[in-house]
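Structure first, commentary second.
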């Protein structure tokens, strides 16, 4: 029933008739809309501006991750050498 490729997925009607969903299926309480829903708004996320924004956010996250890792490794080194972290931070390390 679950397929990654939308072209290979079963329809909603087929899914509701499936034995797994039989207890939830009530044909008298499942109206079919008069028009097809418009999903075109999803295409807006594929525009170049949005991709640039996503790339900028990813770059910021990578930078932040590197800073956190650097500080963590620095603190681990200070702990392993017996240096007090609070004093080392005051010296700009």
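Rule-based calculations on the coordinates, nothing more; no lab input. Given the structure is predicted, the values throughout are model-derived calculations rather than measurements. Every residue, glycine as well, gets a Cβ built from its backbone with ideal geometry; the counts of neighbours run over all protein chains shown.
Given R0 = 41 Å, the distance between the Cβ atoms of residue 62 and residue 18 translates into a calculated FRET efficiency of 0.40. Stretching the chain fully between residue 40 and residue 77 yields a gain of 8.0 nm (0.36 nm per residue, less the alpha carbon separation).
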